[in-house]
Amino acid sequence: MTLVKICGLTDPEEALAVALCGADFIGIIFARESKRYVDVDRALAIAKAAHKGGAKVVGVFVGHSAEEMQRIADHVGLDVIQLHGEESRKVHRELSENLIRFYVCPVSADGFVKEENHPGFLALN
C-alpha cells in the first residue's frame, strides 16, 4: 500500500484542501531554520483542518528534545513525529508510545537506503 504525505504546509485552508484531495498525511515543520516553519498556534489550526479533511498530522522535528516534541505533539494533536537529526533520533524512546515515528533513512552514494532497525514499520523519505 502506498501512502501520501504532503509536507511543509503553512495554511489551514491548504491543509483542508490537500486532505480532502486524498493525502494521508499532512506535514508541519517545527524546525525554526526552515522557511516553512510554523509556530504552535498556527500548527494547531493546520492540524484541526487536516484532521477535519481526514488526514493524519505529522510534526517534523530537527534537534528537539523529547520534552519539546511531546509538548508540541500534545498541544497540536500530532499523530506522527518525523525525526531528523541525531539528537531527535536519540530521544525518541522518551516519547509517548501512542505517537508513530517516521525516520529519515540515509541513502548511500549508489542510491540504496541504508538498512536501519526501526520496529514495526519502514518509512522512506
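The values are calculated or read from the model by the stated rules, or taken from the named source; none is laboratory data. Small disclaimer: the values here were computed from a predicted structure and weren't measured. Note that each Cβ is placed from the backbone with ideal geometry, even for glycine, and that neighbours are counted across all protein chains shown.
Values for this structure:
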| read-out | value |
| --- | --- |
| Qualifying residue in segment 44-61 (condition: surrounded by 18 or more Cβ atoms within 10 Å (Cβ to Cβ), at pLDDT 90 or above, out of contact with any helix residue (DSSP H, G or I) (no Cβ under 7 Å at 6 or more places or on another chain) and assigned to a loop (DSSP other than H, G, I, E, B)) | no |
| Filter result for ALA45 (of a type in the set (A, V, I, L, M, F, W, C) and out of contact with any Pro (no Cβ under 9 Å at 6 or more places or on another chain)) | no |
